[in-house]
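Student: I am attaching a structure below and will ask some questions about it afterwards.
The values are calculated or read from the model by the stated rules, or taken from the named source; none is laboratory data. The shown structure was predicted, so the numbers you read here are calculated from the model rather than taken from an experiment. Cβ coordinates were reconstructed from backbone atoms using ideal geometry, including for glycine residues, and neighbour counts include every protein chain displayed.
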Amino acid sequence: MDRVNNPPRTAYRNLLYAGLFVLAVLAVFTVGYRMAGWSWADSLYMVVITAFSVGFGEVHPVDSNWLRAWTMALIVLGCTGVIFVTGTMVQWLTESQINRVIGGKRMESEIEKLKGHAIVCGFGRLGRMLATQLERGGMPFVILDQSPERVREAREMGWLSMQGEATDETVLRAAGIERARVLATVLPNDAANVFITLSARDMNAGIQIIARGEVPSTERKLLQAGANRVVLPAHIGADRIAHLILHPNARELLGSTTQAGVEFEHHLTELGLDMEEIEIGPGSRWINRPVGDVELAAAGKLMAVAILRAGGGTEINPAANAILNPGDALVVLRRGVRT
C-alpha cells in the first residue's frame with residue numbers, strides 16, 4: 001500500500017537554526033561586554049534587553065568607540081536573530097496546521113479509493129503486529145483507534161488511519177466497511193469486539209470478520225454475533241507452551257536460557273502475555289488443592305498450562321480437579337500488559 005507522506009521538516013529545522021543563532025549571539029556578546037570589564041550579570045542583562053529591543057537603558061556608560069561598535073553590532077545581529085526566530089516559528093505553526101488539514105483530506109481521499117481492503121480496529125500491540133504483517137503481504141488496510149497518539153503513530157509509520165470509536169457505525173462507514181474484504185477487531189475489550197462484530201456484519205453481510213477474545217466464554221458470543229473466526233491470544237500462547245514442554249529441552253526454554261527461549265518470550269510479550277512457574281513448596285497454600293482453585297483465585301487472568309510433577313512426568317492442559325502435590329511446579333500463562 002502507498003505510504004502517507006510525513007509533514008516536511010524544513011520549518012522545524014529553520015526554527016532550530018534560528019534558535020542556535022540567537023543563543024550564539026547572546027553568548028558571544030555577553031563575553032564581549034565581560035571583556036570590557038562588566039560583570040557577567042550586567043553583560044548578560046545588557047545583551048538581552050538590546051537583542052530583544054526592550055531598551056531599558058544602558059547598564060553602564062557606553063563611552064568608547066569599541067563599545068559603541070560592539071553595541072551596534074549586537075543591535076543588528078540580535079534583532080535579526082529575533083526576527084528570524086519569530087518568522088520561523090510562525091512558519092512552523094502555519095505549516096503544521098496546513099499539513100494537518102491537507103494530510104487529513106488526502107487520507108480521506110485515499111481511503112475512499114480503497115476496495116477489498118482490511119480494517120484493523122485497535123492499534124495496540126496486536127494491532128501493530130497485524131498491520132506490519134498486512135503491509136508485508138501487500139494487503140491495503142485502514143487502522144481505526146480512538147487514541148490520537150496511536151493514530152499519529154500509525155500515520156508516522158505511513159499507514160492509513162482514522163481516529164474514532166470503531167463501535168460507531170459512522171466511523172466504520174468512513175473506513176469503507178461496505179467495500180472492505182475483511183475486518184479484524186483486536187481491542188482488549190470483549191464487549192466492544194462483540195458490538196463491532198455485530199455492526200460490521202449488519203453493514204456488510206459478506207465481509208470476513210476476525211475477532212479477538214480475552215476469555216474463552218466470549219468466543220461463542222463473537223461467533224453468534226457474526227465473526228468468522230475468533231482468536232484467543234491466551235490459548236495461542238498456551239498451545240505454544242504445551243509444545244515447548246513436550247520438547248526435550250522444555251526446562252531450558254522455560255527458563256529463557258537459550259535463543260529459542262528468548263524469542264518465545266518476546267512473542268508472548270507481543271501478545272501481552274507472561275509465562276511463569278508456580279512452585280508448590282512446603283509452605284504453599286496450594287498444596288493438595290485442585291488447579292481450578294488457582295485459576296479461580298486469579299479471576300480469569302491466569303491459565304494453567306501444565307503441571308511438572310515432583311516425581312517426574314508432565315501433565316499437559318491439566319483438568320480443573322487435578323491436585324497439586326508438594327514439590328510440583330504449575331506452569332501458567334498470565335496476562336501481562338494489555339494490548
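Student: Across region 183-222, what is the number of residues that are acidic (Asp, Glu) and part of a loop (DSSP other than H, G, I, E, B)?
Tutor: 1
Student: Let me ask you something else. If you take the residues in region 28-72 that are out of contact with any Ser or Thr (no Cβ under 6 Å at 6 or more places or on another chain) and of a type in the set (S, T, N, Q), which one is surrounded by the fewest Cβ atoms within 10 Å (Cβ to Cβ)? Talk me through it step by step, then tell me what you get.
Tutor: Filtering region 28-72 for residues out of contact with any Ser or Thr (no Cβ under 6 Å at 6 or more places or on another chain) gives 28-29, 31-32, 35-42, 45-46, 48-61, 63-72.
So of that shortlist, the ones also of a type in the set (S, T, N, Q) come out as 39, 50, 53, 64-65, 71.
Values: Ser39: 12, Thr50: 21, Ser53: 11, Ser64: 10, Asn65: 8, Thr71: 19.
This residue is Asn65.
Student: Has region 285-301 got at least one residue that is assigned to a loop (DSSP other than H, G, I, E, B), over 22 Å from Asp190 (Cβ atoms), β-branched (Val, Ile, Thr) and at pLDDT 70 or above?
Tutor: Residues of region 285-301 assigned to a loop (DSSP other than H, G, I, E, B): 285-289, 298-301.
In the following step, the residues that additionally are over 22 Å from Asp190 (Cβ atoms) were identified as 285-289.
Next, only the ones that are β-branched (Val, Ile, Thr) stay: 287.
In the following step, the residues that additionally are at pLDDT 70 or above were identified as 287.
Scanning region 285-301 turns up at least one residue that is assigned to a loop (DSSP other than H, G, I, E, B), over 22 Å from Asp190 (Cβ atoms), β-branched (Val, Ile, Thr) and at pLDDT 70 or above.
Student: I would also like to ask the following. Hey, among the residues in region 2-32 that are among the polar types (S, T, N, Q) and at pLDDT 65 or above, which one's farthest from Glu156 (Cα to Cα)? Break it down stepwise before answering.
Tutor: Quick first cut of region 2-32, residues among the polar types (S, T, N, Q) only: 5-6, 10, 14, 30.
Next, from what is left, pick out any that are at pLDDT 65 or above: 10, 14, 30.
Values: Thr10: 17, Asn14: 21, Thr30: 42 Å.
Here the answer is Thr30.
Student: A further question on this structure: Assigned by TED's automatic domain parsing to the domain that holds Val120 and either touching a helix residue (DSSP H, G or I) at 6+ places or on another chain (Cβ under 8 Å) or within 17 Å of Gly127 (Cα to Cα) (or both), is that true of Glu178? Walk me through how you get there before you give the answer.
Tutor: On the way: assigned by TED's automatic domain parsing to the domain that holds Val120: yes; either touching a helix residue (DSSP H, G or I) at 6+ places or on another chain (Cβ under 8 Å) or within 17 Å of Gly127 (Cα to Cα) (or both): yes.
Spelling it out, Glu178 is indeed assigned by TED's automatic domain parsing to the domain that holds Val120 and either touching a helix residue (DSSP H, G or I) at 6+ places or on another chain (Cβ under 8 Å) or within 17 Å of Gly127 (Cα to Cα) (or both).
Student: Test Thr269 against the stated conditions and say whether it is surrounded by 13 or more Cβ atoms within 10 Å (Cβ to Cβ), modelled with pLDDT under 75 and outside the structural domain of Gly122 (by TED's automatic domain parsing). Spell out the reasoning first.
Tutor: On the way: surrounded by 13 or more Cβ atoms within 10 Å (Cβ to Cβ): yes; modelled with pLDDT under 75: yes; outside the structural domain of Gly122 (by TED's automatic domain parsing): yes.
Yes: the conditions hold for Thr269.
Student: Among the residues of region 302-319, write down those that are assigned to a loop (DSSP other than H, G, I, E, B) and under 37 Å from the mean Cα position of the chain (by Cα). Walk me through it before giving the result.
Tutor: Narrowing region 302-319 to residues assigned to a loop (DSSP other than H, G, I, E, B): 309-313, 317-319.
Residues satisfying the conditions are Asn317, Pro318.
Student: So in region 157-172, with the set limited to residues that are touching a residue at least 24 places away in the same chain (Cβ under 8 Å) and touching a helix residue (DSSP H, G or I) at 6+ places or on another chain (Cβ under 7 Å), which one is surrounded by the fewest Cβ atoms within 10 Å (Cβ to Cβ)?
Tutor: Per the criteria, the residue is Glu169.
Student: Kindly list the number of the only condition in (1) buried (at least 16 other Cβ atoms within 10 Å of the Cβ); (2) modelled with pLDDT of 75 or more; (3) in contact with a helix residue (DSSP H, G or I) (Cβ under 6 Å, 6 or more places away or on another chain) that fails for Ile316.
Tutor: (1)
Student: From the set of residues in region 133-177 that are assigned to a loop (DSSP other than H, G, I, E, B) and more than 24 Å from Ala191 (Cα to Cα), which is nearest to the chain's Cα centre (by Cα)? If you could, list the steps in order and put the result at the bottom.
Tutor: Here is the first cut: in region 133-177, the ones assigned to a loop (DSSP other than H, G, I, E, B) are 137-140, 146-147, 157-160, 164-168, 175-177.
Within this subset, residues satisfying the condition of being more than 24 Å from Ala191 (Cα to Cα) are 137-140, 157-160.
On the way: Gly137: 22, Gly138: 22, Met139: 21, Pro140: 21, Met157: 11, Gly158: 14, Trp159: 14, Leu160: 16 Å.
Selected residue: Met157.
Student: Whether any residue in region 217-228 is at pLDDT below 85, surrounded by fewer than 20 Cβ atoms within 10 Å (Cβ to Cβ) and under 18 Å from Gly327 (Cβ atoms) is what I want to check.
Tutor: No, region 217-228 contains no residue that is at pLDDT below 85, surrounded by fewer than 20 Cβ atoms within 10 Å (Cβ to Cβ) and under 18 Å from Gly327 (Cβ atoms).
Student: Moving to a separate point now. Which condition number in (1) of a type outside the set (A, V, I, L, M, F, W, C); (2) surrounded by fewer than 19 Cβ atoms within 10 Å (Cβ to Cβ); (3) touching a residue at least 12 places away in the same chain (Cβ under 8 Å) is the one that Gln133 fails?
Tutor: Exception for Gln133: condition (3).
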